[in-house]
Each structure stands twice: as structure tokens, then as C-alpha cells.
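The values are calculated or read from the model by the stated rules, or taken from the named source; none is laboratory data. Just so we're clear, the structure is a prediction, and the values are computed from it rather than from any experiment. Don't worry about glycine lacking a Cβ; one is built from the backbone with ideal geometry, like all the others, and counts go over all protein chains shown. Please note that ligands, DNA and RNA were not included when accessible areas were found on the heavy atoms of the full protein model with its side chains. Shrake-Rupley method; radii C 1.70, N 1.55, O 1.52, S 1.80 Å.
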Amino acid sequence: MKKKIFLSLVMIVLFVFGILIYDFSDEMGEELVGHSWYMTNNNEVYVLSLKNNIFDLKDEEGKKAEMYRTCSTFQYNSNVSMIKLRCEGASKKIYISNVDDNSLVLNDEGEEYVFYNSRELALVEDFKTENELSNEEYDELLSISFDQNLIINYNKFMSLYKGKSSVYVAFITNNINYHNVYKYVVLNNLITNSSKKFYLINVDNLNEEELKKINKITDVEEYKDVVYVFEVKKKNIKTKVKIDALGKKDLINYQNI
């Protein structure tokens with residue numbers, strides 16, 4: 001009798017468990033549908049939306065991602081964190097491996113896709129992966145700084161521009177980020193190894209009129225995407241180096257000056 005009761009309980013548990021596994025009528029929580037998710041893949045940024053049970057993964061130009069080109073709506077089972085995605089001719093089962101405030105990890109038959117809650121964070125994480133940087137190494141990289149004694153103002157620049165001595169002047173900004181940090185690594189190496197006097201001018205510290213006059217002299221209007229090093233002497237100015245390094249692999253392209 002006890003054995004029959006035990007077996008009955010086991011069957012009931014299995015039945016309930018089976019219902020839970022195959023019940024795909026759950027609504028996704030706000031942590032999943034409350035905003036878009038961003039992923040980088042093959043130098044492209046993709047945006048994922050899970051609102052209204054629609055699996056919408058597109059690049060930034062609005063083209064659907066090839067791996068889910070024929071997929072559209074889905075059902076969700078919160079007990080096993082599974083998305084049953086309806087695709088042309090078949091369906092896909094995608095597991096949510098992890099989700100937190102910053103990231104969402106999807107597993108599609110062993111293929112893992114990591115999404116982030118903002119485009120910027122996705123690009124930062126891609127940068128760290130590309131350059132094999134830990135979080136600590138990335139933070140240390142961004143903390144790069146220059147000798148404040150090298151930084152000059154507008155008046156000093158004009159004095160050097162009119163002076164007799166040949167010097168190097170590099171243009172920098174306050175905003176050091178993943179996009180330009182290796183440019184500043186190159187600049188720091190050039191300063192360290194240069195036999196000629198080096199100066200730095202921070203364009204963020206110039207007023208509009210000063211910047212306008214300097215732009216006329218340098219024939220450059222934007223200093224954020226490229227770090228320019230100019231050779232200055234006797235009202236002559238020429239570009240010595242245009243630093244556009246994006247990652248660690250680019251450092252080898254720059255020699256001492």
C-alpha cells in the first residue's frame with residue numbers, strides 16, 4: 001500500500017514537473033523587456049528587443065540578423081528560462097543562461113550570445129575582448145595621464161609658433177575612452193622617447209576664439225578622433241604624426257620621432 005502511494009506521488013510530481021517544463025505561456029519580466037539589448041558581432045552592433053513576445057534582432061541599419069532572419073514571435077517558460085522561437089519551417093529553443101542589470105546571455109544550441117544594456121557598454125566589452133584586457137587592466141589603461149608641466153595654453157602655443165626653436169606640439173582632449181586611449185598610449189611613448197621638446201595643448205581648455213585661430217593655423221577642425229603631433233617653428237607648422245591607433249595591435253605602427 002505504501003509503495004503504491006509513493007509511486008502515485010512520484011507520478012504526480014513528474015506530471016506537474018512536465019507541465020511546468022512544457023508550459024510556454026509565461027510573460028517576460030521587465031528586466032528582460034524593459035529596454036533594448038546590444039551585442040557586437042563581426043564589427044557590427046546588433047540591437048535586440050523582446051517586447052510583446054517578438055524576437056527582434058537587427059543591425060543598426062535595421063537589417064535582421066542573418067542567424068534569426070526567418071524568426072519572429074516566441075513563447076517563454078520562466079521555470080527553465082527557455083525561449084521557444086518561431087522560425088520559418090521550424091522552431092528554436094534558446095536558453096537564457098544569465099540576466100542581470102548589465103547583461104543578458106543567450107545560449108542557442110551551444111552558441112553563446114552576450115548582450116549588454118547599452119550600446120556603449122557593448123562596445124567597451126568588445127574593446128576589452130579584442131585587446132585581451134581584464135577589467136582591472138582596462139581601468140588602468142584609462143587612467144593614463146601626462147606631465148602637467150608639458151601642458152600649455154593658447155598664449156604659450158602662439159609664442160612657440162612664432163619662436164625660433166623647433167618643437168613638437170600635440171593636441172589632446174579631456175575625454176579619454178576606449179575609442180582613443182591607445183592613441184594616447186602612442187603619444188605617451190613618443191613623448192618619452194623623443195629627443196625634441198614636446199608640449200601638449202588641451203583643446204577643451206581653449207575658448208571659441210582661441211580654437212578658431214589655432215584651427216586656421218593647423219588647418220584642422222576636429223581633434224577627437226585623431227591625435228595630431230605638429231612640428232612648430234618660425235610660423236611654420238607641419239603634421240609630424242597623425243595617431244589613429246584603435247587597439248593594442250596598432251602600437252607597432254608608430255615609431256619614435
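One chain, two ends: residue 129 and residue 51. Fully extended at 0.36 nm per residue, the span grows by 25.2 nm beyond their Cα-Cα distance. Report, to the nearest 10°, how far helix 119-130 tilts away from the longest principal axis of the Cα atoms in the chain, using its own Cα long axis and a range of 0 to 90°. Once rounded, the angle reads 80 degrees.
How much of the accessible area of segment 17-152, in percent, comes from carbon and sulfur atoms when a 1.4 Å probe is used?
On the way: 3380 of 8110 Å².
Carbon with sulfur: 42 percent of the solvent-accessible area.
Which of the aspartates and glutamates could a cross-linker span from residue 233 if the Cα-Cα distance has to be under 17 Å and same-chain partners fewer than 8 positions apart are dropped? Result set, ordered by chain and number: 219. Given a cut-off of 32 Å, name the pairs among 162/242; 164/242; 128/235; 128/162; 162/249; 51/248 whose C-alpha atoms lie farther apart than that in the structure shown. Flagged as over cut-off: 128/235; 128/162; 162/249; 51/248. Under the convention that each Lys and Arg Cβ holds +1 and each Asp and Glu Cβ holds -1, the size of the dipole of the chain around its Cα centre is about 1040 debye. Between amide H atoms placed 1.01 Å from N, distances below 5 Å from residue 26 occur with 76, 78, all of them 5 or more places distant or on a separate chain. Highest average first, the peptides 198-207, 27-36 ordered by how many other beta carbon atoms sit within 10 Å of their residues are 198-207, 27-36. Seen against the Cα atoms of the chain and their longest principal axis, helix 208-218 is set at about 70 degrees. The distance between label points at residue 121 and residue 87 comes to 2.7 nm (points 7 Å beyond Cα on the Cα→Cβ vector). For the chain, adding -39500 (n - 2.57) for each run of n ≥ 4 DSSP H residues and dividing by the number of residues yields -9000 deg cm²/dmol at 222 nm.
Label separation (residue 154 vs residue 44): 4.7 nm, computed from points 7 Å beyond Cα along the C-beta direction. Taking the Cα of residue 102, stepping 7 Å toward and past its beta carbon, and measuring to each backbone N in segment 172-205: which are under 16 Å? In segment 172-205, the label zone of residue 102 (backbone N under 16 Å from the point 7 Å along Cα→Cβ) covers 178.
What is the gain in length, in nm to one decimal, between residue 95 and residue 137 on full extension, counting 0.36 nm per residue of separation less the C-alpha to C-alpha distance? Display every interim value, and only then the final one.
Numbers: separation 42, 0.36 × 42 = 15.12 nm, distance 3.14 nm.
Taking 0.36 nm per residue and subtracting the Cα distance, the gain is 12.0 nm.
If you take all other residues with their beta carbon under 14 Å from the beta carbon of residue 212, and give Lys and Arg +1 and Asp and Glu -1, the sum is -4. P(r) for segment 150-257, from all Cα pairs and a bin width of 10 Å, is 14, 50, 31, 5 %, short bins first. Please name which of 184, 29, 62 has its Cα lying farthest along the dipole of the chain towards the positive end, using unit charges on Cβ (Lys, Arg +1; Asp, Glu -1) and the Cα centre as origin. Checking the options against the dipole of the chain, the answer is 184. For helix 181-193, report the angle its Cα long axis makes with the longest principal axis of the Cα atoms of the chain; keep it between 0 and 90° and round to the nearest 10°. The helix 181-193 is inclined about 30 degrees to the chain. When the Cα atoms of segment 39-117 are aligned to their principal axes, the ranges along those axes come out at 33, 32, 25 Å in descending order.
Could you compute how fast the chain diffuses translationally, taking Rh as the Kirkwood radius over C-alpha pairs and applying Stokes-Einstein at 37 °C with viscosity 0.692 mPa s? Give it in µm² per second. Write out the running numbers ahead of the final one.
Details: Rh = 22.8 Å.
Calculated translational D: 144 µm²/s.
Net length available on complete extension from residue 205 to residue 234 is 8.0 nm, with 0.36 nm assigned per residue and the Cα-Cα distance removed. Summed over the residues of the chain and divided among them, the accessible surface reaches 61 Å² per residue at a probe radius of 1.4 Å.
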